[in-house]
Amino acid sequence: MRFPVTDSVLKIASIQIAAAQSGVPQIKAFFDEPTFTVTYVVHDPETRRAAIIDSVLDYDPASGRTSFCSADAVLAYIGDKELTIDWHLETHAHADHMSAAPYLQQRLGGQIAIGEHIVTVQQTFGKLFNAGTEFARDGSDFDRLWQDGDRFRIGNLDVTVLHVPGHTPACIAYVIGDAVFVGDTMFMPDYGTARADFPGGDAGTLFRSARRLLSLPATTRLFMCHDYLPEGRTEYVWETTVEAERKANVHIHDGVTEEDFVAMREARDKTLAMPRLILPSVQVNMRAGHLPPAEDNGVTYLKIPVNAV
């Protein structure tokens, strides 16, 4: 399946990938096994300018305590490589972990960015958590909101933003040089695709977003946000290619129709439990990783709505 030539953003991203032979990004992955999340540090080897993608703030739901082991490992790597951080990039408002972007920004500088449709997520979950008037719901907690087709640079590396909704309304992918960071749109070929039953999610939209990514050149490198170690595999992995996904993705390989995918995805999603950290994570991540304001006793609280999800 190919996207029509009228998808000008995809054409730009494809041209960028083809031209990236002299500007391949350096990529370091950090895997957080408790949340099965991969954080990436991506940098330009010539200028040493860099971005952090989908960082993790450690959180223990039993005690309500946060810690910084995962983020500190990222800090140590950046210090060792003498990198300058320009961006803290979020692929979406995660439901499985809290973002460490504010913690890292305070120590490294850089701007926190996400797709412009985060405002839809903020409206939905602002109501669920009964957030007060101090929560603006206009995306202003973030430093930058991306539109589909936006382009920027990390040093000498070209970056193109692709809007790939379906898992959430705000999901985006970052095409950096010849590499694409796909967020939760899809997983490794033996695990398939993301769920589409969160508020604002849609299985048909997810199918079209995944096929949009799979219309990029066959050799394009794809980097996953998660790996859940499916049965039959003993090692976590998070890098694949467009060609491998098109041949072998168990949910959306070439030949799967949108009708078949939607039927499979909707049936499968009905069997899935809510992510363990969805309630604390979303109310933090919709604020760009900032905790809710402290109350008059100086303590910050995370709300757990009862019988509302």
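Things worth noting here:
- Residue in the range 39-48 that is within 11 Å of the chain's Cα centre (by Cα) and under 15 Å from residue 174 (Cβ atoms) present: yes
- Test: residue 268 is of a type in the set (Lys, Arg), surrounded by 15 or more Cβ atoms within 10 Å (Cβ to Cβ) and in a loop (DSSP other than H, G, I, E, B): no
- Flag for residue 149 being in contact with an Asp or Glu (Cβ under 7 Å, 6 or more places away or on another chain), small (Gly, Ala, Ser) and not in a strand (DSSP E or B): no
- Qualifying positions in the range 226-256 - modelled with pLDDT of 95 or more, small (Gly, Ala, Ser) and loosely packed, with under 13 Cβ neighbours inside 10 Å: 255
- Pairs are defined by a Cβ separation below 7 Å, a sequence spacing of at least 6 or placement on different chains, a first member in the range 118-130 that is touching a residue at least 12 places away in the same chain (Cβ under 8 Å), and a second member that is among the β-branched types (Val, Ile, Thr) and assigned to a helix (DSSP H, G or I); the pairs so defined are 125/282.
- Residue within the range 185-201 that is modelled with pLDDT under 95 and in contact with a Lys or Arg (Cβ under 8 Å, 6 or more places away or on another chain) present: no
- Boolean, residue 298 is among the small types (Gly, Ala, Ser), on the phi > 0 side of the Ramachandran plot and in contact (Cβ under 8 Å) with a residue 24 or more places away in the chain: no
For every residue, the table says whether it meets (1) surrounded by fewer than 14 Cβ atoms within 10 Å (Cβ to Cβ); (2) in a loop (DSSP other than H, G, I, E, B); (3) out of contact with any Asp or Glu (no Cβ under 8 Å at 6 or more places or on another chain).
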site: 275; (1), (2), (3): no, yes, no
site: 298; (1), (2), (3): yes, yes, yes
site: 301; (1), (2), (3): yes, yes, no
site: 306; (1), (2), (3): yes, yes, yes
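- Test for residue 227: is it closer than 26 Å to residue 55 by Cα and in contact with a strand residue (DSSP E or B) (Cβ under 9 Å, 6 or more places away or on another chain): yes
- Only one of the numbered conditions (1) over 17 Å from the mean Cα position of the chain (by Cα); (2) of a type outside the set (A, V, I, L, M, F, W, C); (3) buried (at least 18 other Cβ atoms within 10 Å of the Cβ); (4) part of a loop (DSSP other than H, G, I, E, B) is not met by residue 132, and that is (3).
- Residue within the range 118-129 that is over 22 Å from residue 174 (Cα atoms), crowded, with 20+ Cβ neighbours inside 10 Å and not β-branched (Val, Ile, Thr) present: yes
- The residues on offer are 84, 66, 120, and the sole one that is polar (S, T, N, Q) and either at pLDDT below 95 or out of contact with any Leu (no Cβ under 9 Å at 6 or more places or on another chain) (or both) is 120.
- When residues in the range 230-248 are screened for being outside any strand (DSSP E or B) and either touching a Gly at 6+ places or on another chain (Cβ under 6 Å) or free of Cβ contacts under 8 Å to residues at least 24 places away in the same chain (or both), 3 of them pass.
- Among helices (runs of 4 or more DSSP H) entirely within the range 1-112, having at least 3 residues that are farther than 26 Å from residue 207 by Cβ singles out 69-81, 101-108.
- Selection over the range 153-164 of residues that are part of a strand (DSSP E or B) and either under 17 Å from the mean Cα position of the chain (by Cα) or surrounded by fewer than 17 Cβ atoms within 10 Å (Cβ to Cβ) (or both) gives a count of 6.
- Note on the range 192-220: among residues that are under 16 Å from the mean Cα position of the chain (by Cα) and outside any loop (DSSP other than H, G, I, E, B), the one that is surrounded by the most Cβ atoms within 10 Å (Cβ to Cβ) is 206.
- Residue 238 meets the conditions (1) within 24 Å of residue 204 (Cβ to Cβ); (2) hydrophobic (A, V, I, L, M, F, W, C); (3) in contact with a strand residue (DSSP E or B) (Cβ under 7 Å, 6 or more places away or on another chain) in every case but one. The failed one is (1).
The values are calculated or read from the model by the stated rules, or taken from the named source; none is laboratory data. The shown structure was predicted, so the numbers you read here are calculated from the model rather than taken from an experiment. Cβ: placed from backbone, ideal geometry, glycine included. Neighbour counts: every protein chain shown.
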